[in-house]
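A short write-up of the structure that comes next.
The values are calculated or read from the model by the stated rules, or taken from the named source; none is laboratory data. Since the model is a prediction, treat every value here as computed from it, not as a measurement. Cβ sites come from the backbone with ideal geometry, for glycine too, and all protein chains shown count toward neighbours. These accessible areas exclude ligands, DNA and RNA; they are computed on the full protein's heavy atoms, side chains included. Shrake-Rupley method; radii C 1.70, N 1.55, O 1.52, S 1.80 Å.
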Amino acid sequence: YMASETELDMRMDSNQPFSAKNVVNEYSQEQLAYILSTYGEERFASKIATAIVKRREKGEITTTGELVDIIVNTIPKKFQQEGHPAKRTFQAIRIEVNGELAGLKECVYEMVRFLKPNGRIAIITFHSLEDRIVKQTFKRLAGRPESRSDKSFLQDRIKLASLLTNKPIIAS
């Protein structure tokens with residue numbers, strides 16, 4: 001893989017001081033593993049987080065190329081067949097830097113609150129993380145548990161909306 005020497009940034013708003021460089025160089029091993037696993041759905045999240053923290057001992061990680069090298073050297077070769085091995089890690093860091101999922105659940109609740117009686121809402125999601133949050137929130141709004149293990153559901157079961165479909169509608 002050809003690694004670029006572009007600065008680690010990933011900000012959607014260049015006025016924001018927090019960047020990918022902060023995440024990669026300041027987050028603990030546990031925090032890194034969590035975001036890589038949660039936002040990137042990276043199966044080697046723990047190993048990559050460990051490798052990042054170990055590499056930081058030599059100095060700050062400043063470029064995308066340095067991060068790609070760490071990832072490529074951490075993920076076993078037989079698991080590097082499906083797309084670029086760093087794509088999940090970079091997705092996770094980008095989501096963290098820009099707070100892309102923060103507030104999504106609250107936003108859905110707010111949108112439903114502003115619906116007129118018999119109004120409808122449709123939300124387009126672009127990856128499984130967004131999809132999962134929206135589906136779980138819609139279930140909760142319909143007075144159903146978000147998941148089979150949702151214990152808090154029994155305490156605050158209130159039906160605020162009805163689901164029109166049980167499964168997402170996928171474009172043909």
- Query: For Ala142, which of the numbered conditions (1) over 19 Å from the mean Cα position of the chain (by Cα); (2) at pLDDT 90 or above; (3) not aromatic (Phe, Trp, Tyr) fails to hold?
  - Reply: (2)
- Would you mention how many residues in segment 100-133 are within 28 Å of Phe18 (Cα to Cα), part of a loop (DSSP other than H, G, I, E, B) and either in contact (Cβ under 8 Å) with a residue 12 or more places away in the chain or not small (Gly, Ala, Ser) (or both)? 6
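Please work out which residue is least open to solvent (accessible area, probe 1.4 Å), limiting yourself to segment 1-28 and to residues that are part of a loop (DSSP other than H, G, I, E, B), among the acidic types (Asp, Glu) and under 20 Å from Asp69 (Cβ atoms). Before you say what the answer is, go through the steps one by one.
Step one: of segment 1-28, the residues part of a loop (DSSP other than H, G, I, E, B) are 1-6, 8-19, 27-28.
Restricting the remaining residues to those that are among the acidic types (Asp, Glu) gives 5, 9, 13.
So of that shortlist, the ones also under 20 Å from Asp69 (Cβ atoms) come out as 5, 9.
Details: Glu5: 126, Asp9: 46 Å².
Looking at the filtered set, the residue picked out is Asp9.
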- Message: Show me the helices (runs of 4 or more DSSP H) entirely contained within segment 29-77 in which 2 or more residues are surrounded by 17 or more Cβ atoms within 10 Å (Cβ to Cβ) and in contact (Cβ under 8 Å) with a residue 60 or more places away in the chain.
- Response: 64-74
